[in-house]
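Here the structure is laid out as C-alpha coordinates; the discussion comes afterwards.
The values are calculated or read from the model by the stated rules, or taken from the named source; none is laboratory data. In this text the structure is predicted, and so the values were computed from the model without any measurement. Counting neighbours? That spans all protein chains shown, and the Cβs are built from the backbone with ideal geometry, glycine included.
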Amino acid sequence: MGANNGKQCGSEGKGSSSISSDVSSSTDHTPTKAPKNVATSEETLTDWTLFLDLYFVTDKDSDLSMRTLSTPSPALILKSNPPQTVPNRHESSSTSFTVTGETVALVHPPPGSRSRPSRVPPTALIDTLPDPVLLQVLSYLCTPQLCRCARVSRRWYNLAWDPRLWSTIRLTGELLSADRALKVLTHRLCQDTPNVCLTLETVVVSGCRRLSDRGLRVVAQCCPELRRLEVAGCYNVSNEAVFDVVSQCPNLEHLDVSGCPKVTCISLTEEASLQLTPLHGQQIGLQHLDMTDCVSLEDEGLRTIAFHCPRLTHLYLRRCSRLTDEALRQLTLHCTALRELSLSDCHLIGDFGLREVARLEGRLRYLSVAHCMRITDVGLRYVARYCPRLRYLNARGCEGITDQGLSHLARNCSRLRSVDVGRCPLVSDIGLEVLARCCEGLRRLSLRGCESLTGRGLMALAAGCPELQLLNVQECEVPPEALRLVRQHCRRCVIEHTIPAFY
(Lines give C-alpha, C1' and ligand atoms only; values in the text may rest on other atoms or scores of the structure.)
Protein backbone atom coordinates (compact mmCIF):
# COMPACT_ATOMS: atom_id res chain seq x y z
CA MET A 1 0.00 0.00 0.00
CA GLY A 2 2.73 2.45 0.90
CA ALA A 3 4.70 1.71 -2.25
CA ASN A 4 1.72 2.28 -4.44
CA ASN A 5 0.89 5.50 -2.69
CA GLY A 6 4.46 6.63 -2.99
CA LYS A 7 4.51 6.08 -6.72
CA GLN A 8 1.18 7.77 -7.01
CA CYS A 9 2.29 10.87 -5.20
CA GLY A 10 5.67 10.88 -6.85
CA SER A 11 4.03 11.15 -10.29
CA GLU A 12 2.44 14.47 -9.45
CA GLY A 13 4.33 16.30 -12.17
CA LYS A 14 2.96 14.00 -14.86
CA GLY A 15 -0.64 15.24 -14.62
CA SER A 16 -3.82 13.84 -13.19
CA SER A 17 -4.57 10.94 -15.50
CA SER A 18 -2.60 8.29 -13.57
CA ILE A 19 -3.95 9.28 -10.18
CA SER A 20 -7.53 9.54 -11.40
CA SER A 21 -7.29 6.16 -13.11
CA ASP A 22 -5.97 4.57 -9.89
CA VAL A 23 -8.77 6.14 -7.90
CA SER A 24 -11.40 4.96 -10.39
CA SER A 25 -9.99 1.44 -10.47
CA SER A 26 -10.00 1.22 -6.68
CA THR A 27 -13.59 2.37 -6.28
CA ASP A 28 -15.25 0.79 -9.30
CA HIS A 29 -14.58 -2.87 -10.12
CA THR A 30 -17.18 -3.05 -12.87
CA PRO A 31 -15.66 -2.98 -16.34
CA THR A 32 -17.00 -0.19 -18.53
CA LYS A 33 -17.35 -0.50 -22.28
CA ALA A 34 -16.73 2.53 -24.42
CA PRO A 35 -19.83 3.81 -26.18
CA LYS A 36 -20.02 3.32 -29.91
CA ASN A 37 -19.82 7.01 -30.62
CA VAL A 38 -16.66 7.47 -28.57
CA ALA A 39 -13.51 7.45 -30.67
CA THR A 40 -11.38 4.46 -29.66
CA SER A 41 -8.39 4.82 -31.95
CA GLU A 42 -5.32 6.26 -30.31
CA GLU A 43 -4.65 8.49 -33.30
CA THR A 44 -8.10 10.13 -33.18
CA LEU A 45 -7.92 10.77 -29.46
CA THR A 46 -4.41 12.16 -29.79
CA ASP A 47 -5.42 14.53 -32.57
CA TRP A 48 -8.49 15.64 -30.67
CA THR A 49 -6.50 16.24 -27.47
CA LEU A 50 -3.91 18.25 -29.35
CA PHE A 51 -6.61 20.39 -30.91
CA LEU A 52 -8.27 21.04 -27.57
CA ASP A 53 -4.95 21.96 -26.00
CA LEU A 54 -4.13 24.33 -28.82
CA TYR A 55 -7.57 25.87 -28.91
CA PHE A 56 -8.19 26.37 -25.22
CA VAL A 57 -4.66 26.94 -23.94
CA THR A 58 -5.36 30.67 -23.54
CA ASP A 59 -8.62 30.18 -21.69
CA LYS A 60 -7.67 31.02 -18.11
CA ASP A 61 -11.21 31.02 -16.79
CA SER A 62 -12.11 27.43 -17.62
CA ASP A 63 -12.48 25.05 -14.68
CA LEU A 64 -9.72 22.56 -13.99
CA SER A 65 -12.21 19.73 -14.16
CA MET A 66 -13.06 20.72 -17.74
CA ARG A 67 -9.49 20.14 -18.94
CA THR A 68 -9.57 16.33 -18.71
CA LEU A 69 -12.03 13.49 -18.99
CA SER A 70 -10.84 12.15 -15.62
CA THR A 71 -10.96 13.62 -12.12
CA PRO A 72 -8.19 16.16 -11.42
CA SER A 73 -5.32 15.11 -9.23
CA PRO A 74 -5.68 16.04 -5.54
CA ALA A 75 -1.99 16.93 -5.58
CA LEU A 76 -2.77 19.80 -7.92
CA ILE A 77 -4.94 21.50 -5.33
CA LEU A 78 -2.92 20.78 -2.18
CA LYS A 79 -0.73 23.26 -0.37
CA SER A 80 2.97 22.69 -0.73
CA ASN A 81 4.70 21.65 2.52
CA PRO A 82 8.32 20.65 3.11
CA PRO A 83 8.80 17.09 1.88
CA GLN A 84 9.11 14.24 4.35
CA THR A 85 10.89 10.97 3.77
CA VAL A 86 8.77 7.94 4.67
CA PRO A 87 10.22 4.42 4.48
CA ASN A 88 8.61 1.91 2.18
CA ARG A 89 7.23 -0.87 4.41
CA HIS A 90 6.73 -3.42 1.65
CA GLU A 91 10.18 -3.15 0.11
CA SER A 92 13.71 -2.88 1.45
CA SER A 93 14.32 -0.30 4.14
CA SER A 94 16.71 1.60 1.87
CA THR A 95 13.92 2.44 -0.58
CA SER A 96 12.09 5.71 0.15
CA PHE A 97 9.80 8.24 -1.52
CA THR A 98 8.91 11.88 -0.96
CA VAL A 99 5.39 12.97 0.02
CA THR A 100 3.74 15.90 1.73
CA GLY A 101 1.76 15.85 4.93
CA GLU A 102 -1.50 16.54 3.16
CA THR A 103 -0.95 13.70 0.69
CA VAL A 104 -0.36 11.25 3.56
CA ALA A 105 -3.56 12.51 5.13
CA LEU A 106 -5.40 11.70 1.93
CA VAL A 107 -4.00 8.17 1.71
CA HIS A 108 -4.17 7.46 5.47
CA PRO A 109 -7.09 9.42 6.94
CA PRO A 110 -7.08 10.30 10.64
CA PRO A 111 -8.31 7.60 13.03
CA GLY A 112 -11.44 9.55 13.88
CA SER A 113 -12.55 9.73 10.29
CA ARG A 114 -12.26 6.00 9.55
CA SER A 115 -15.45 5.19 11.40
CA ARG A 116 -17.47 7.64 9.34
CA PRO A 117 -19.42 6.06 6.48
CA SER A 118 -18.24 7.04 3.00
CA ARG A 119 -20.53 9.45 1.25
CA VAL A 120 -21.23 9.25 -2.49
CA PRO A 121 -20.90 12.66 -4.13
CA PRO A 122 -24.32 14.07 -4.97
CA THR A 123 -25.32 14.01 -8.64
CA ALA A 124 -25.43 17.40 -10.31
CA LEU A 125 -28.94 18.55 -11.08
CA ILE A 126 -28.18 18.95 -14.76
CA ASP A 127 -27.19 15.28 -14.97
CA THR A 128 -30.69 14.30 -13.90
CA LEU A 129 -32.10 15.71 -17.11
CA PRO A 130 -33.03 13.20 -19.81
CA ASP A 131 -30.95 13.15 -22.97
CA PRO A 132 -33.47 15.01 -25.19
CA VAL A 133 -33.69 17.87 -22.71
CA LEU A 134 -29.92 18.08 -22.25
CA LEU A 135 -29.50 18.07 -26.03
CA GLN A 136 -31.83 21.03 -26.22
CA VAL A 137 -29.68 22.86 -23.67
CA LEU A 138 -26.49 22.05 -25.56
CA SER A 139 -28.00 23.29 -28.80
CA TYR A 140 -27.59 26.87 -27.54
CA LEU A 141 -23.82 26.53 -27.13
CA CYS A 142 -21.18 27.65 -29.60
CA THR A 143 -18.37 25.49 -30.96
CA PRO A 144 -15.78 26.14 -28.17
CA GLN A 145 -18.40 25.54 -25.47
CA LEU A 146 -19.46 22.24 -27.04
CA CYS A 147 -15.83 21.16 -27.13
CA ARG A 148 -15.50 21.88 -23.42
CA CYS A 149 -18.71 20.01 -22.62
CA ALA A 150 -17.40 16.97 -24.49
CA ARG A 151 -14.71 16.60 -21.78
CA VAL A 152 -17.02 16.56 -18.77
CA SER A 153 -17.98 12.89 -18.84
CA ARG A 154 -18.64 10.03 -21.23
CA ARG A 155 -22.33 10.81 -21.32
CA TRP A 156 -21.66 14.45 -22.12
CA TYR A 157 -19.09 13.38 -24.69
CA ASN A 158 -21.68 11.35 -26.58
CA LEU A 159 -24.29 14.09 -26.32
CA ALA A 160 -21.93 16.91 -27.28
CA TRP A 161 -21.00 15.09 -30.48
CA ASP A 162 -24.56 14.42 -31.52
CA PRO A 163 -24.70 15.36 -35.23
CA ARG A 164 -27.81 17.45 -34.65
CA LEU A 165 -25.72 19.94 -32.65
CA TRP A 166 -23.17 20.41 -35.39
CA SER A 167 -24.93 22.25 -38.17
CA THR A 168 -22.57 25.18 -37.52
CA ILE A 169 -18.85 25.55 -36.77
CA ARG A 170 -17.64 28.94 -35.54
CA LEU A 171 -13.95 29.49 -34.85
CA THR A 172 -12.25 32.72 -33.86
CA GLY A 173 -8.77 33.85 -32.93
CA GLU A 174 -5.87 35.25 -34.89
CA LEU A 175 -3.45 32.71 -33.41
CA LEU A 176 -5.73 29.69 -33.77
CA SER A 177 -4.44 26.97 -36.09
CA ALA A 178 -7.66 27.00 -38.09
CA ASP A 179 -6.45 24.42 -40.63
CA ARG A 180 -5.82 21.83 -37.94
CA ALA A 181 -8.99 22.73 -36.05
CA LEU A 182 -11.15 22.20 -39.14
CA LYS A 183 -9.37 18.94 -39.92
CA VAL A 184 -9.92 17.52 -36.43
CA LEU A 185 -13.54 18.68 -36.19
CA THR A 186 -14.57 17.39 -39.59
CA HIS A 187 -12.73 14.10 -38.96
CA ARG A 188 -14.72 13.59 -35.77
CA LEU A 189 -18.01 14.53 -37.43
CA CYS A 190 -17.34 12.11 -40.29
CA GLN A 191 -17.20 9.02 -38.07
CA ASP A 192 -20.85 8.07 -38.48
CA THR A 193 -20.91 8.99 -42.17
CA PRO A 194 -17.42 8.26 -43.56
CA ASN A 195 -15.73 11.10 -45.44
CA VAL A 196 -18.71 13.48 -45.33
CA CYS A 197 -20.43 15.71 -42.75
CA LEU A 198 -24.03 15.65 -43.87
CA THR A 199 -25.30 17.89 -41.08
CA LEU A 200 -22.74 20.69 -41.34
CA GLU A 201 -24.24 23.67 -43.19
CA THR A 202 -22.38 26.72 -41.83
CA VAL A 203 -18.66 27.36 -41.31
CA VAL A 204 -17.55 30.71 -39.89
CA VAL A 205 -13.81 31.26 -39.47
CA SER A 206 -13.67 35.03 -39.96
CA GLY A 207 -10.58 36.61 -38.44
CA CYS A 208 -8.60 33.35 -38.30
CA ARG A 209 -5.53 34.71 -40.04
CA ARG A 210 -3.74 31.39 -40.00
CA LEU A 211 -6.40 29.81 -42.17
CA SER A 212 -5.02 28.78 -45.55
CA ASP A 213 -6.17 26.97 -48.66
CA ARG A 214 -5.46 23.66 -46.93
CA GLY A 215 -8.19 24.24 -44.36
CA LEU A 216 -10.73 25.32 -46.98
CA ARG A 217 -10.02 22.22 -49.06
CA VAL A 218 -10.89 20.08 -46.03
CA VAL A 219 -14.23 21.88 -45.85
CA ALA A 220 -14.78 21.42 -49.58
CA GLN A 221 -14.09 17.69 -49.40
CA CYS A 222 -16.07 16.89 -46.25
CA CYS A 223 -19.04 19.27 -46.32
CA PRO A 224 -21.18 18.70 -49.43
CA GLU A 225 -24.24 20.22 -47.73
CA LEU A 226 -22.48 23.50 -46.89
CA ARG A 227 -24.72 26.54 -47.34
CA ARG A 228 -22.80 29.35 -45.66
CA LEU A 229 -19.07 30.08 -45.53
CA GLU A 230 -17.45 33.15 -43.94
CA VAL A 231 -13.69 33.65 -44.18
CA ALA A 232 -13.53 37.44 -43.77
CA GLY A 233 -10.05 38.71 -42.98
CA CYS A 234 -8.31 35.43 -43.85
CA TYR A 235 -5.72 36.96 -46.13
CA ASN A 236 -3.98 33.66 -46.94
CA VAL A 237 -7.03 32.29 -48.76
CA SER A 238 -6.67 32.34 -52.55
CA ASN A 239 -8.76 31.67 -55.64
CA GLU A 240 -7.91 27.97 -55.84
CA ALA A 241 -9.45 27.08 -52.48
CA VAL A 242 -12.54 29.20 -53.13
CA PHE A 243 -13.00 27.49 -56.50
CA ASP A 244 -12.83 24.10 -54.76
CA VAL A 245 -15.51 25.11 -52.26
CA VAL A 246 -18.00 26.45 -54.79
CA SER A 247 -17.38 23.45 -57.06
CA GLN A 248 -17.83 20.74 -54.44
CA CYS A 249 -20.56 22.42 -52.37
CA PRO A 250 -23.45 22.86 -54.81
CA ASN A 251 -25.81 24.13 -52.07
CA LEU A 252 -23.58 27.06 -51.10
CA GLU A 253 -25.68 30.24 -50.95
CA HIS A 254 -23.74 32.67 -48.73
CA LEU A 255 -20.04 33.43 -49.22
CA ASP A 256 -18.08 36.13 -47.38
CA VAL A 257 -14.50 36.61 -48.58
CA SER A 258 -14.19 40.25 -47.53
CA GLY A 259 -10.66 41.27 -46.69
CA CYS A 260 -9.10 38.44 -48.71
CA PRO A 261 -6.78 40.28 -51.11
CA LYS A 262 -5.75 37.09 -52.94
CA VAL A 263 -9.32 36.38 -54.05
CA THR A 264 -9.85 37.96 -57.45
CA CYS A 265 -12.70 35.90 -58.86
CA ILE A 266 -15.42 33.33 -58.09
CA SER A 267 -15.62 30.46 -60.55
CA LEU A 268 -15.71 26.68 -60.91
CA THR A 269 -12.59 24.59 -61.26
CA GLU A 270 -11.81 23.30 -64.73
CA GLU A 271 -12.60 19.74 -63.69
CA ALA A 272 -15.92 20.77 -62.17
CA SER A 273 -16.80 22.78 -65.26
CA LEU A 274 -16.36 19.72 -67.46
CA GLN A 275 -18.30 17.42 -65.15
CA LEU A 276 -21.15 19.74 -64.17
CA THR A 277 -21.83 21.53 -67.43
CA PRO A 278 -24.68 19.17 -68.43
CA LEU A 279 -26.15 19.53 -64.94
CA HIS A 280 -26.31 23.27 -64.34
CA GLY A 281 -24.53 24.98 -67.21
CA GLN A 282 -21.52 26.13 -65.17
CA GLN A 283 -23.75 28.09 -62.79
CA ILE A 284 -23.01 28.59 -59.11
CA GLY A 285 -25.97 28.86 -56.75
CA LEU A 286 -24.56 31.75 -54.71
CA GLN A 287 -27.13 34.33 -53.61
CA HIS A 288 -25.09 36.40 -51.15
CA LEU A 289 -21.51 37.43 -51.97
CA ASP A 290 -19.40 39.86 -49.96
CA MET A 291 -16.09 40.86 -51.59
CA THR A 292 -15.48 44.01 -49.57
CA ASP A 293 -11.80 45.01 -49.56
CA CYS A 294 -10.87 42.47 -52.22
CA VAL A 295 -8.54 45.08 -53.64
CA SER A 296 -7.31 42.87 -56.50
CA LEU A 297 -10.78 42.44 -58.02
CA GLU A 298 -10.90 43.91 -61.52
CA ASP A 299 -13.46 44.15 -64.33
CA GLU A 300 -12.55 40.76 -65.77
CA GLY A 301 -13.05 39.07 -62.41
CA LEU A 302 -16.45 40.69 -61.95
CA ARG A 303 -17.48 39.57 -65.44
CA THR A 304 -16.61 35.99 -64.52
CA ILE A 305 -18.56 36.27 -61.28
CA ALA A 306 -21.58 37.64 -63.13
CA PHE A 307 -21.44 34.80 -65.66
CA HIS A 308 -21.12 32.00 -63.10
CA CYS A 309 -23.39 33.44 -60.37
CA PRO A 310 -26.62 34.55 -62.06
CA ARG A 311 -28.68 33.94 -58.90
CA LEU A 312 -26.98 36.67 -56.88
CA THR A 313 -29.36 38.83 -54.86
CA HIS A 314 -26.87 40.54 -52.50
CA LEU A 315 -23.49 41.76 -53.74
CA TYR A 316 -21.08 43.94 -51.74
CA LEU A 317 -18.03 45.38 -53.51
CA ARG A 318 -16.96 48.09 -51.07
CA ARG A 319 -13.49 49.51 -51.69
CA CYS A 320 -12.88 47.42 -54.80
CA SER A 321 -11.26 50.45 -56.33
CA ARG A 322 -10.23 48.87 -59.65
CA LEU A 323 -13.79 48.35 -60.90
CA THR A 324 -15.13 50.57 -63.66
CA ASP A 325 -18.50 51.27 -65.27
CA GLU A 326 -17.93 48.60 -67.92
CA ALA A 327 -17.95 45.84 -65.32
CA LEU A 328 -21.39 46.94 -64.10
CA ARG A 329 -22.80 46.46 -67.58
CA GLN A 330 -21.87 42.76 -67.51
CA LEU A 331 -23.07 42.45 -63.93
CA THR A 332 -26.59 43.73 -64.56
CA LEU A 333 -26.79 41.77 -67.80
CA HIS A 334 -26.34 38.39 -66.07
CA CYS A 335 -27.38 39.02 -62.43
CA THR A 336 -30.88 40.29 -63.02
CA ALA A 337 -32.13 39.28 -59.55
CA LEU A 338 -29.91 41.70 -57.60
CA ARG A 339 -31.71 43.38 -54.71
CA GLU A 340 -28.77 44.86 -52.79
CA LEU A 341 -25.66 46.34 -54.36
CA SER A 342 -22.84 48.20 -52.61
CA LEU A 343 -20.23 50.09 -54.63
CA SER A 344 -18.97 52.37 -51.86
CA ASP A 345 -15.50 53.83 -52.39
CA CYS A 346 -15.28 52.50 -55.94
CA HIS A 347 -13.83 55.75 -57.22
CA LEU A 348 -13.96 54.82 -60.93
CA ILE A 349 -17.74 54.30 -60.93
CA GLY A 350 -19.71 57.18 -62.45
CA ASP A 351 -23.04 58.10 -64.01
CA PHE A 352 -22.67 55.55 -66.80
CA GLY A 353 -22.36 52.81 -64.20
CA LEU A 354 -25.54 53.99 -62.47
CA ARG A 355 -27.34 53.88 -65.79
CA GLU A 356 -26.39 50.19 -66.02
CA VAL A 357 -27.50 49.62 -62.44
CA ALA A 358 -30.88 51.13 -63.32
CA ARG A 359 -31.48 48.08 -65.54
CA LEU A 360 -32.34 46.17 -62.40
CA GLU A 361 -35.51 48.26 -62.28
CA GLY A 362 -38.05 47.37 -59.60
CA ARG A 363 -35.98 44.56 -58.09
CA LEU A 364 -33.34 46.89 -56.61
CA ARG A 365 -33.96 47.74 -52.94
CA TYR A 366 -30.53 48.76 -51.59
CA LEU A 367 -27.88 50.88 -53.32
CA SER A 368 -24.70 52.30 -51.82
CA VAL A 369 -22.44 54.56 -53.89
CA ALA A 370 -20.78 56.44 -51.03
CA HIS A 371 -17.67 58.42 -51.96
CA CYS A 372 -18.07 57.71 -55.68
CA MET A 373 -16.97 61.19 -56.68
CA ARG A 374 -17.91 60.81 -60.35
CA ILE A 375 -21.62 60.38 -59.64
CA THR A 376 -23.86 63.40 -60.22
CA ASP A 377 -27.56 64.18 -60.59
CA VAL A 378 -27.51 62.51 -64.01
CA GLY A 379 -26.82 59.06 -62.62
CA LEU A 380 -29.21 59.59 -59.74
CA ARG A 381 -31.99 60.41 -62.20
CA TYR A 382 -31.53 57.06 -63.94
CA VAL A 383 -31.90 55.22 -60.65
CA ALA A 384 -34.91 57.30 -59.59
CA ARG A 385 -36.67 56.73 -62.89
CA TYR A 386 -36.22 52.97 -63.26
CA CYS A 387 -35.96 51.77 -59.63
CA PRO A 388 -39.15 53.04 -57.95
CA ARG A 389 -39.02 50.42 -55.17
CA LEU A 390 -35.68 51.57 -53.81
CA ARG A 391 -35.64 51.53 -49.98
CA TYR A 392 -32.06 52.47 -49.08
CA LEU A 393 -29.68 54.94 -50.73
CA ASN A 394 -26.23 55.86 -49.49
CA ALA A 395 -24.74 58.69 -51.54
CA ARG A 396 -22.51 60.10 -48.79
CA GLY A 397 -19.63 62.12 -50.15
CA CYS A 398 -21.00 62.37 -53.71
CA GLU A 399 -20.34 66.07 -54.06
CA GLY A 400 -21.95 66.26 -57.50
CA ILE A 401 -25.46 65.57 -56.12
CA THR A 402 -27.66 68.64 -55.70
CA ASP A 403 -31.21 69.49 -54.65
CA GLN A 404 -32.45 68.62 -58.13
CA GLY A 405 -31.19 65.07 -57.97
CA LEU A 406 -32.52 64.57 -54.44
CA SER A 407 -35.91 66.01 -55.40
CA HIS A 408 -36.18 63.76 -58.44
CA LEU A 409 -35.30 60.75 -56.30
CA ALA A 410 -37.90 61.65 -53.65
CA ARG A 411 -40.71 62.08 -56.19
CA ASN A 412 -40.09 58.74 -57.90
CA CYS A 413 -38.99 56.59 -54.93
CA SER A 414 -41.64 57.40 -52.36
CA ARG A 415 -40.95 54.17 -50.43
CA LEU A 416 -37.52 55.27 -49.30
CA ARG A 417 -36.75 54.30 -45.70
CA SER A 418 -33.09 55.33 -45.35
CA VAL A 419 -31.18 58.12 -47.10
CA ASP A 420 -27.60 59.28 -46.53
CA VAL A 421 -26.55 62.44 -48.38
CA GLY A 422 -23.94 63.54 -45.86
CA ARG A 423 -20.96 65.50 -47.17
CA CYS A 424 -23.03 66.65 -50.17
CA PRO A 425 -22.48 70.42 -49.90
CA LEU A 426 -24.99 71.26 -52.67
CA VAL A 427 -27.94 69.71 -50.81
CA SER A 428 -30.02 72.37 -49.02
CA ASP A 429 -33.46 73.03 -47.58
CA ILE A 430 -35.10 72.82 -51.02
CA GLY A 431 -34.23 69.18 -51.54
CA LEU A 432 -35.00 68.35 -47.92
CA GLU A 433 -38.50 69.85 -48.19
CA VAL A 434 -39.31 67.70 -51.22
CA LEU A 435 -37.94 64.63 -49.46
CA ALA A 436 -40.09 65.31 -46.38
CA ARG A 437 -43.19 65.85 -48.49
CA CYS A 438 -42.85 62.77 -50.72
CA CYS A 439 -41.32 60.16 -48.36
CA GLU A 440 -43.58 60.01 -45.33
CA GLY A 441 -42.21 56.63 -44.26
CA LEU A 442 -38.61 57.83 -44.00
CA ARG A 443 -36.93 56.44 -40.87
CA ARG A 444 -33.22 57.21 -41.16
CA LEU A 445 -31.67 60.36 -42.61
CA SER A 446 -28.06 61.53 -42.51
CA LEU A 447 -27.27 65.14 -43.41
CA ARG A 448 -23.89 65.27 -41.75
CA GLY A 449 -21.71 68.04 -43.11
CA CYS A 450 -24.44 69.60 -45.30
CA GLU A 451 -23.50 73.18 -44.55
CA SER A 452 -26.32 74.73 -46.61
CA LEU A 453 -29.07 73.45 -44.31
CA THR A 454 -31.10 75.75 -42.07
CA GLY A 455 -33.99 75.32 -39.71
CA ARG A 456 -36.57 75.53 -42.50
CA GLY A 457 -35.69 72.15 -43.94
CA LEU A 458 -35.75 70.48 -40.53
CA MET A 459 -39.16 71.95 -39.73
CA ALA A 460 -40.53 70.47 -42.95
CA LEU A 461 -38.94 67.16 -41.99
CA ALA A 462 -40.60 67.23 -38.55
CA ALA A 463 -44.00 67.82 -40.10
CA GLY A 464 -43.72 65.33 -42.96
CA CYS A 465 -41.83 62.33 -41.49
CA PRO A 466 -43.39 61.35 -38.15
CA GLU A 467 -41.82 57.86 -38.29
CA LEU A 468 -38.27 59.20 -38.34
CA GLN A 469 -36.04 57.19 -35.98
CA LEU A 470 -32.54 58.56 -36.66
CA LEU A 471 -31.42 62.01 -37.76
CA ASN A 472 -27.74 62.90 -38.14
CA VAL A 473 -27.07 66.64 -38.38
CA GLN A 474 -23.52 66.66 -37.08
CA GLU A 475 -21.37 69.50 -38.41
CA CYS A 476 -24.51 71.35 -39.55
CA GLU A 477 -25.26 74.89 -38.41
CA VAL A 478 -28.95 74.50 -37.58
CA PRO A 479 -30.87 76.30 -34.80
CA PRO A 480 -31.66 74.31 -31.65
CA GLU A 481 -35.35 75.26 -31.99
CA ALA A 482 -35.61 73.24 -35.19
CA LEU A 483 -34.15 70.20 -33.48
CA ARG A 484 -36.58 70.56 -30.60
CA LEU A 485 -39.43 70.63 -33.09
CA VAL A 486 -38.15 67.41 -34.65
CA ARG A 487 -37.95 65.78 -31.24
CA GLN A 488 -41.48 66.95 -30.45
CA HIS A 489 -43.06 65.52 -33.60
CA CYS A 490 -40.84 62.45 -34.04
CA ARG A 491 -41.07 60.82 -30.62
CA ARG A 492 -38.81 57.87 -31.40
CA CYS A 493 -36.15 59.85 -33.23
CA VAL A 494 -32.53 59.79 -32.05
CA ILE A 495 -30.81 63.03 -33.04
CA GLU A 496 -27.04 63.02 -33.54
CA HIS A 497 -25.70 66.58 -33.47
CA THR A 498 -22.79 68.82 -32.50
CA ILE A 499 -24.81 71.74 -31.14
CA PRO A 500 -24.03 72.46 -27.48
CA ALA A 501 -27.20 74.53 -27.02
CA PHE A 502 -29.45 71.54 -27.80
CA TYR A 503 -29.90 68.98 -25.08
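In the range 353-386, how many residues are surrounded by fewer than 20 Cβ atoms within 10 Å (Cβ to Cβ) and assigned to a loop (DSSP other than H, G, I, E, B)?
Going through the range 353-386 one residue at a time, the tally reaches 2.
The rows are residues; the columns are (1) under 26 Å from Ala232 (Cα atoms); (2) in contact with a helix residue (DSSP H, G or I) (Cβ under 7 Å, 6 or more places away or on another chain); (3) among the hydroxyl-bearing types (Ser, Thr, Tyr); (4) modelled with pLDDT of 95 or more.
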site: Leu138; (1), (2), (3), (4): no, yes, no, yes
site: Cys147; (1), (2), (3), (4): yes, yes, no, no
site: Trp166; (1), (2), (3), (4): yes, yes, no, yes
site: Glu174; (1), (2), (3), (4): yes, no, no, no
site: Asp179; (1), (2), (3), (4): yes, yes, no, yes
site: Gln191; (1), (2), (3), (4): no, no, no, no
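If Leu268 satisfies every condition in (1) crowded, with 16+ Cβ neighbours inside 10 Å; (2) in contact with a Leu (Cβ under 8 Å, 6 or more places away or on another chain); (3) at pLDDT 95 or above; (4) in a loop (DSSP other than H, G, I, E, B) but one, which is the exception?
Failing condition for Leu268: (3).
Evaluate the following for Thr292: is it closer than 19 Å to Ser206 by Cα, in contact with a Lys or Arg (Cβ under 8 Å, 6 or more places away or on another chain), among the polar types (S, T, N, Q) and in contact (Cβ under 8 Å) with a residue 12 or more places away in the chain?
yes
Yes/no per residue for (1) farther than 22 Å from Pro144 by Cβ; (2) of a type in the set (Val, Ile, Thr); (3) modelled with pLDDT of 95 or more; (4) within 19 Å of the chain's Cα centre (by Cα):
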{"position": "Cys208", "(1), (2), (3), (4)": "no, no, yes, yes"}
{"position": "Ser212", "(1), (2), (3), (4)": "no, no, yes, yes"}
{"position": "Gly233", "(1), (2), (3), (4)": "no, no, yes, yes"}
{"position": "Glu253", "(1), (2), (3), (4)": "yes, no, yes, yes"}
{"position": "Leu276", "(1), (2), (3), (4)": "yes, no, no, no"}
{"position": "Leu289", "(1), (2), (3), (4)": "yes, no, yes, yes"}
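Search the range 192-209 for residues that are on the phi < 0 side of the Ramachandran plot and in a strand (DSSP E or B) and pair each with any residue that is crowded, with 16+ Cβ neighbours inside 10 Å and among the basic types (Lys, Arg) when their beta-carbon atoms are under 6 Å apart and the residues are at least 6 apart or on different chains.
Thr202/Arg228
Please tell me if Arg437 is of a type in the set (D, E, K, R), assigned to a loop (DSSP other than H, G, I, E, B) and buried (at least 16 other Cβ atoms within 10 Å of the Cβ).
No: the conditions fail for Arg437.
Just to be sure, is Arg423 touching a Lys or Arg at 6+ places or on another chain (Cβ under 7 Å), assigned to a loop (DSSP other than H, G, I, E, B), surrounded by fewer than 18 Cβ atoms within 10 Å (Cβ to Cβ) and not acidic (Asp, Glu)?
No: the conditions fail for Arg423.
Could we say that Leu226 is part of a loop (DSSP other than H, G, I, E, B) and of a type outside the set (Val, Ile, Thr) here?
So Leu226 fits the description; yes.
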